[in-house]
Structures are given as structure tokens and as C-alpha cells.
Amino acid sequence: METRRTRVGLAVWTGLVVVFLWIPLVVIALYAFNRSQIQSWPISHWTFHWFSVAFHDSQVRSALWLSIRVGLLATLVALLLGTMAAFGVHRFRFFGRESISLLFLLPIALPGIITGMALNSAFSFAGVHLTMWTIVIGHATFCVVVVYNNVVARLRRTSPSLLEASMDLGADGWQTFRFVTWPLLSTALVAGGLLAFALSFDEVIVTTFTAGGTTLPIYILNNLRQGQQLPIVNVIAFTVILLTVVPVWVSQRLTSAGEGPAVSRAAAVTAQTE
Amino acid sequence: MQRQTGSLRGARLRISAAFWRRPWLRLLALIVPPVAAFVLVYAASLGAMLASSFWSTNAFTAQIIHTWSLSQFKEIFSWQDRTYLRIALRTVWMAGAVTITDAILAFPLAYFMARLAGPRLRSLLFVLVLLPLWSSYLVRIYSWTTILSTTGPLNWMLNGLGLPDTHLAYTNWAMWIVFSYVWLPFMILPVYTAVERVPTSYLEASADLGARGARTFRSVVLPLVFPGVVAGSIFTFSLTLGDYITPLLVGGPGSLLIGNVVFENSASNLAFAAAFAMVPVGVMAVYLTIARRLGAFEAL
């Protein structure tokens, strides 16, 4: 239907946009191996030196460790709450069902400063000091929807007759869960969990409003604002890209079309309202 | 031993049976904890922010004073000193410009991905779009500061082509480029979904009725895909409204957005920060209402 000229034009446009999407990632990856303290292009000398400097930096280590702990805890909370909510919303019809999906979606659909500012006001009102736990609470609120979406998408694909068959064959609720539901869901849960972790690991805005402590993105932000330690920041930036890209790639492999990374983030609105 | 496992199993069966007979009990057990957590933490926080925006802050102690007034909003919407109005307007304007830019960049790519690319190329493109979306947003913004800097790759390339240096770093133009860059995948994915759902038979019918490419695009493809564009625009618009990292890192002196003001006041003047954060909430409420009218929710 499309003329040859249109096809070629669209292909060229697609290529250019993909290049646009990837150039910044490539540039930062190259700068991580730049020997000079000064960031100028083209890079004349290459080195692995800054990797060992960053690895032995105590501030970097404690920031990384805090980010990992926060990510794991937020993921755990998101897995628990997101899965429960997904089962509830999928299996039952009840008053306010649609509002529940919307409620979970709000923290990711509303601008980050709103979630951050809201939590900040609430902590200030309640007299809660900002600690690691306040970061976990902040991250968990926007991670729940990721798990929720993945589990709901998977539940939609599984037939309820499987569960009825299991019950008919004499299994109790636990056995049905263990031998039927769990195998069907496990990859969706792993995918959702990985995505929640990736989301938490790289979050800045909500974190700046709720942070008691320096997570890795906050460490990067502080150093960028002051223009300090840029070679170390480059190395961390490169590492962070790898650490967020790998879970996403794995989660993409674990899920089929209509689930996984695509559904969890950009298509969240569309998946919710199907 | 045997009896014990037997009674354990019996108990389990009784519990499952009890839940099976009372579906509302299962529903409550599943839905109450997450919803309660969300209402207690998130909804209550939004409430606290709304309340704070009608309070005021002691200028010396930075303590919140719990007396109700509209003074924060009067300061924001003041006609005498239009600083905050100007910042709010700049933010909305930027969000609009970024949304339109992303729609223009995303549409041809989404169309190519959904209708022209073969299955292997399509999944490759999918990964190529998804990975930047998920890789660190902060790092991607930072990378642009190095690209746009005077001694960065962009000027190196321009000089190589015999063109003069650009001075984009720390301007509103830089902000526009970076915003369009970081939110682009959010636009591509919903538009892709929408293009994929256009039945090929519609395009064939349009061609049979004598329409050329441009006419088919205008009368068939665009109206069917438009709700997808609106769905994507919710993200590009909303995320731009609430961002302060991009203006902080790549913006210049005249690049303050709502987010910057909220963040800078959040410690010293919480009431004002809360009130100013209500502005994007209001703008998004209006935007979502319009999006709903345009079918962003139903059509997808």
C-alpha cells in the first residue's frame, strides 16, 4: 500500500530516531574509559583506572549498598501488595474495582514531584524522620503498579478452568496455588520484580524528597551539581546503565507479548483500561 | 505422625473450603491489605499535601503553621509579581512542545515497526526502544550535558563538517532536546500499539475506493491512531510537568520549571512548595479530562 518512497523514508526516519535514542548511552559508555580528568571530545587516551577508583571509594560503596537494600525491600513490598491486588481485581467484580487500578497507577502517571512532595508533606506532618525506610515507602508506592500490571496481564491469559479442575481433583487451596497458579505466574512475578528493582535502582525525584541517606542516583546528582569527581561519575553511570538494562532484558525474555517491560511502563495506562 | 499430617491436611482443606464458600472473604483478604496500604500512605500523603498548601510556614523556624488561608495560592497567582505564573506557564509550554516533538518523532517509527518491519526486525526495534526507556534516566540526562558542552561531541562533529560551534548547553533549547529525548520511548510504545491494531483491510478498502497514500493516512490511519498518540502524550506531558532534574542539569538561568521551585522550597517553605505542586495536579486533571474526551482510555 505504501509507495516505495514512503517505505524508504519511514525506514530512514526509524534509523535516525534509533540512533538518537542510543547516542547518549554510547557516549557515556565511552567516557567511562576516558583517561583524562577533563571531559572533552574526542577521547585521546583510554583506561580502566577509574573503575578501580570508583570501586574502592567508600562513599560510592555505601551509596551502592543503600540503593541495593532499598531496591530489594521496595521490590519485596511491591511483589506482595501488587500480587494480592492483581488477584483480587482479576478474580472478583466489586464496587470501586476500576478505581483501584487507577489508584495504583497514580504514583507513576502523576509527575514525580507530586508523589515526592506528597510523601514529604505527610512525613513532615506525622513527624517521621527521613530514613532508609521512608525511601522504601516512596519507591514501593510507584513499584506496586509494575508488579500489578505484569500479574494481571498473566492472569488474563490463564484460564480459570485450570483452577476449577485442580479443585475437582481434590486439591486444597494451597496445593492449587503451589502446583497450578505458581508455575503459571512465576515468570511474570520474576519479570515484575526485576522491573520494580530497575525502577527503584535508578529513581531520583521521589528519592530526593524522601531520602534519609545517599542512594547511588543521589550520589551522582550531588556530584554533577558540583561538577566534582566526574570520572568516577562516568564509571558509575556506565555501571548503572548495565545494572538497569540487564534486569529489563531478562524480564523481556521471561514474558510474552503484551506483558513485561513494555506493558509495565509506557503502556500502563492502556493496559489498565482494557 | 500420620495422624498429624492428616489433621494438618484436614485443617488446610477446611480453610480452603471456608474461603471457597465465602468469596467475599477471599476478596477482602486479597484486596484489603494493598488498598489499605495505598490509602494510608499514598492517598493520605496527597491529602497532607493538599492540606499543607492551605497552611503557611514560619519564615524563621520553617515550622508549619496550621491556620487555613489562601495566601500561598495568592502568591502563586499574583498579578503584581508574576514570577511564579511565568514559571508555571513556561513549564506547561515546555510540556506541550515536548509532547508535539515526541509525537512527530515517534509516529513514523511506530508505523514502520508495526506495519513494515519483519518479525525479527520488529523485535530488535522493540528492544532498541525499550532499553533506553529503562536505562537510568539521570545518566541519560547527564550524557546530554557532555554531548552539548562546548568541547563535546556535537561541536566536534559540526566543526568536522565545517560548521561553527553551537552554544546549546544550559539553554531552554537544551532542555527541549533532552526532555524530548528522555520521554520519547513513552510515546513510541502506545502509538505502536495503536498502529498495530489498524486492520490492513481498512487500508485496502481505502485504496480500493481510490484514495492515495496521503488521503488514506489523513482519513483512516490518523483518526484510528490518534487515541494512541493521546495516550502517549499523557506520559510525555505529565513527566515534563513534574521534572526538575533536566532543568537543573541542562537548563540555564531562565530555565526554572515548577519542579525546581517545589524542590527548592520543600525544606524551607513546605506550605508554598505543596501549593505550587498543586499546579501540575490541576493541569494534569484538565489534561486527563481532555484525553478521556479524545478517547485515549477507551480506544486502546
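The values are calculated or read from the model by the stated rules, or taken from the named source; none is laboratory data. Not measured: the values here are computed from a predicted model. We place every Cβ from the backbone using ideal geometry, glycine too, and count neighbours over all the protein chains shown.
Please go through region A:1-51 and give me each residue that is at pLDDT below 85, at the interface with chain B (Cβ under 7 Å from one of its Cβ atoms) and more than 30 Å from B:ALA211 (Cβ to Cβ), ordered by number.
Result: A:GLN39, A:SER40, A:TRP41, A:PRO42.
If a residue has to be without any contact (Cβ under 8 Å) to a residue 24 or more places away in the chain and either buried (at least 24 other Cβ atoms within 10 Å of the Cβ) or within 11 Å of chain A (Cβ to nearest Cβ) (or both) to count, how many in region B:179-199 make the cut? Quick ask: steps written out before the conclusion?
To start, the set of residues in region B:179-199 that are without any contact (Cβ under 8 Å) to a residue 24 or more places away in the chain comprises B:199.
Filter again for either buried (at least 24 other Cβ atoms within 10 Å of the Cβ) or within 11 Å of chain A (Cβ to nearest Cβ) (or both), leaving none.
So the count comes out to 0.
Would you check which residues across region B:238-263 are surrounded by 22 or more Cβ atoms within 10 Å (Cβ to Cβ), in contact (Cβ under 8 Å) with a residue 40 or more places away in the chain and aliphatic (A, V, I, L, M) and list them?
B:LEU239, B:LEU241, B:ILE245, B:VAL250, B:LEU257, B:ILE258, B:VAL261
Within the set of pairs 6+ apart or on separate chains, which have a first residue in region B:129-158 that is within 7 Å of chain A (Cβ to nearest Cβ), a second that is buried (at least 21 other Cβ atoms within 10 Å of the Cβ) and among the polar types (S, T, N, Q), and C-beta atoms under 6 Å apart?
Partner pairs satisfying both residue conditions: B:TRP134/A:THR244; B:SER135/A:THR244; B:SER136/A:THR244; B:GLY152/B:THR146.
Looking at (1) among the hydroxyl-bearing types (Ser, Thr, Tyr); (2) touching a residue at least 24 places away in the same chain (Cβ under 8 Å); (3) buried (at least 20 other Cβ atoms within 10 Å of the Cβ), find the lone condition where B:SER266 falls short.
Result: B:SER266 passes all but (2).
Kindly provide the set of residues from region B:16-39 that are within 8 Å of chain A (Cβ to nearest Cβ) and not in a helix (DSSP H, G or I), ordered by number.
none
Cβ contacts < 7 Å: first residue in contact (Cβ under 8 Å) with a residue 40 or more places away in the chain and more than 19 Å from A:ASN149 (Cα to Cα), restricted to region A:101-129; second residue assigned to a helix (DSSP H, G or I) and aromatic (Phe, Trp, Tyr), any location; separation 6+ or different chain. Result?
So the pair list comes out as A:ILE113/B:PHE263; A:THR115/A:PHE142; A:GLY116/A:PHE209; A:MET117/A:PHE209; A:LEU119/A:PHE209; A:ASN120/A:PHE209.
Listed here are the residues, each with its yes/no results for (1) in a strand (DSSP E or B); (2) out of contact with any Phe, Trp or Tyr (no Cβ under 9 Å at 6 or more places or on another chain); (3) touching a residue at least 60 places away in the same chain (Cβ under 8 Å).
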{"residue": "A:ALA11", "(1), (2), (3)": "no, no, no"}
{"residue": "A:VAL17", "(1), (2), (3)": "no, yes, no"}
{"residue": "A:TRP22", "(1), (2), (3)": "no, yes, no"}
{"residue": "A:ALA29", "(1), (2), (3)": "no, no, yes"}
{"residue": "A:SER44", "(1), (2), (3)": "no, yes, no"}
{"residue": "A:PHE51", "(1), (2), (3)": "no, no, yes"}
{"residue": "A:PHE55", "(1), (2), (3)": "no, yes, no"}
{"residue": "A:TRP65", "(1), (2), (3)": "no, yes, no"}
{"residue": "A:GLY71", "(1), (2), (3)": "no, no, yes"}
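Failed condition for A:ARG61, given (1) surrounded by 22 or more Cβ atoms within 10 Å (Cβ to Cβ); (2) away from chain B (no Cβ under 14 Å); (3) not hydrophobic (A, V, I, L, M, F, W, C), with all others met?
Every listed condition holds for A:ARG61 apart from (1).
Taking into account only those residues within region B:124-160 that are in a helix (DSSP H, G or I) and of a type in the set (Gly, Ala, Ser), which is farthest from A:PRO247 (Cα to Cα)?
Our first condition is that a residue be in a helix (DSSP H, G or I); within region B:124-160, this holds for B:124-134, B:137-148, B:153-160.
Among the residues that remain, those that are also of a type in the set (Gly, Ala, Ser) are: B:143, B:160.
Numbers: B:SER143: 22, B:GLY160: 38 Å.
The selected residue is B:GLY160.
Of all residues being closer than 19 Å to A:LEU80 by Cα and among the hydroxyl-bearing types (Ser, Thr, Tyr) in region A:149-204, which is surrounded by the most Cβ atoms within 10 Å (Cβ to Cβ)? Just the residue, please.
A:SER200
Please work out which one of (1) farther than 19 Å from A:THR244 by Cα; (2) surrounded by fewer than 17 Cβ atoms within 10 Å (Cβ to Cβ); (3) in contact (Cβ under 8 Å) with a residue 12 or more places away in the chain is the condition A:PHE92 fails and give its number.
Checking A:PHE92 against (1) farther than 19 Å from A:THR244 by Cα; (2) surrounded by fewer than 17 Cβ atoms within 10 Å (Cβ to Cβ); (3) in contact (Cβ under 8 Å) with a residue 12 or more places away in the chain, the one that fails is (3).
Determine whether B:PHE235 is in contact (Cβ under 8 Å) with a residue 40 or more places away in the chain, aromatic (Phe, Trp, Tyr) and surrounded by 15 or more Cβ atoms within 10 Å (Cβ to Cβ). Full working, then the answer.
Values: in contact (Cβ under 8 Å) with a residue 40 or more places away in the chain: yes; aromatic (Phe, Trp, Tyr): yes; surrounded by 15 or more Cβ atoms within 10 Å (Cβ to Cβ): yes.
Yes, satisfied.
Go through (1) more than 14 Å from A:LEU216 (Cα to Cα); (2) modelled with pLDDT under 90 for A:SER58 and report which single condition fails.
So the condition that A:SER58 fails would be (1).
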